[in-house]
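Read the figures in this text as sums done on the coordinates, not as results from a lab. Just so it is clear, the model here is predicted, and its values are computed rather than measured. Counting neighbours? That spans all protein chains shown, and the Cβs are built from the backbone with ideal geometry, glycine included.
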Amino acid sequence: MDNMNIMSGVEQIPYDKVNVMQTLQEEALKALGREKWDEITANVEFPADNMGEEQLSHLTRELLKRFDDIVDSNISKGIFCNIKHGLKHSDFSWARERFLEYGNIDLFCAAMRRETLDGFAHAEKSGVYYHGQPVDGTVLQFVKSQPYLLYGARDKNIIKAVAIPYETQRYLKETDINKKRYYACHCPFARESILQKEGPVSKTLCNCSLGHTKVFWEAALNTRLNGEVKSSVLSGGQLCCFYIYLPEKIIEEYVCPK
């Protein structure tokens, strides 16, 4: 079991094949119907995944204004959470396979953290990129200081997950708070908006990242889960943090089995 590499499964996620805005349209039509969708998108240029980030941020800001004005916030949360960065539960089948080898949430989380720290330590020594970015001593120390990084760990009945900054070296060196948030944000539909004079796009969009974290745990635990965006850079935080709530039956089965 110690030789298993849980986090290598991240390399299997087909990010290059997803279409986030197409998925948004599909989820919105299912939840709202064609008439409401047409009302939201009337006379608005629809963002496309292949646009430049500056244009994407402007268009996404306008689209989200419509959502926030027209759609109930709980319904919007469900729509954006279901986008899941355009991913499917089947994209995380590897997480279920790895989890079943442990059969215990805390052991599984500890193994993920151990592998994550080993990966960053190797990157710091070798000079290779890890999680898409360069790693030096400051990045490694930051990672060590964050017990809930990436897919997170359990605290009572909550999985707490903290997203690693998109550009951690620059994030740690930056003193300007807006630029710090910019370096933290991964979302190509939102990053540039943090530095634009109109201000960041609506935090409603952050439910998409919640969905990304949630789909991992839903696949691993083979059950549907609830969660919330606890903090995000779009809502004024310095890091993005997501809470995934564990039902009592999951606690009984995978934390303290009889």
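Think of the stretch 1-70 as having a plus end and a minus end, set by charges on the Cβ of Lys, Arg, Asp and Glu; of PHE46, ASN5, VAL18, PHE46 sits farthest toward the positive end of this dipole. A simple spin-label model places pseudo-atoms 7 Å from Cα toward Cβ; at ASP176 and ASP68 they are separated by 2.3 nm. Look at the alpha carbon pairs under 8 Å that are at least 6 residues apart: their mean separation over the length of the stretch 23-161 gives a relative contact order of 16 percent. Here the Karplus relation 6.51 cos²θ - 1.76 cosθ + 1.60, evaluated at θ = phi - 60°, turns the backbone of the stretch 7-15 into coupling constants of 6, 5, x, 4, 5, 8, 5, x, 4 Hz, with x for every Gly and Pro.
For GLU54 and GLU252, a Förster radius of 51 Å and the Cβ-Cβ distance give a FRET efficiency of 0.55, rounded to the nearest 0.05. For LEU149, the residues 5 or more places off, or on other chains, whose built amide H falls under 5 Å of its own are VAL162. Simple spin-label estimate for TYR245 and ASP155 gives 1.6 nm between the two label positions (7 Å along the Cα-to-Cβ direction from each Cα).
A simple spin-label model places pseudo-atoms 7 Å from Cα toward Cβ; at GLU45 and ASN222 they are separated by 4.8 nm. Each residue of the stretch 245-254 is assigned a 3J(HN,Hα), and the resulting list reads 8, 9, x, 4, 5, 6, 4, 5, 7, 10 Hz, derived from the Karplus form 6.51 cos²θ - 1.76 cosθ + 1.60 (θ = phi - 60°), x at Gly and Pro.
Helix 73-83 and the longest principal axis of the Cα set of the chain meet at an angle near 60°. Placing +1 on the Cβ of every Lys and Arg and -1 on the Cβ of every Asp and Glu, with no other charges, gives the chain a dipole of roughly 540 debye about its Cα centre. Only Cα pairs under 8 Å and 6+ residues apart enter the sum, and on that basis the relative contact order of the chain stands at 22 percent. Counting only Cα atoms, the size of the chain along its three principal axes is 56, 44, 31 Å, in decreasing order. Within the chain, the longest segment free of exposed loop sites, counting GluC sites (Glu not before Pro) that fall outside DSSP classes H, G, I, E and B and have at most 13 other Cβ atoms within 10 Å, spans 46-197. Dipole magnitude for the stretch 118-258: about 180 debye, using +1 per Lys or Arg Cβ and -1 per Asp or Glu Cβ, origin at the Cα centre. When SER145, SER232 are arranged by Cβ crowding within 10 Å, least crowded first, meaning fewest neighbours, the order is SER145, SER232. Checking the cross-link pairs LYS84/LYS156; LYS179/LYS230; LYS84/LYS125; LYS88/LYS197; LYS88/LYS180 against a 27 Å limit on the alpha carbon distance flags LYS84/LYS125; LYS88/LYS197; LYS88/LYS180 as lying beyond it. Segment ASP136..SER90, full-extension length gain: 13.1 nm, with 0.36 nm per residue of separation and the alpha-carbon distance subtracted. For the chain, the residue among THR213, GLY103, ALA31 whose Cα projects farthest onto the positive side of the dipole built from Cβ charges is GLY103.
Sorted ascending by nearby beta carbons within 10 Å, beginning with the fewest, SER235, SER73, SER90, SER202 become SER90, SER73, SER235, SER202. Report the Cα centroid-to-centroid distance between the stretch 55-115 and the stretch 129-144 in angstrom, as an integer. The stretch 55-115 and the stretch 129-144 have Cα centres separated by 23 Å. Taking 0.36 nm per residue of separation and subtracting the Cα-Cα distance, full extension of the segment from SER126 to GLU97 would add 7.4 nm. Among the trypsin sites (Lys or Arg not before Pro) found in the stretch 175-227, those both in a DSSP coil and sparsely packed, with 14 or fewer other Cβ atoms within 10 Å of their Cβ, are LYS197, ARG224.
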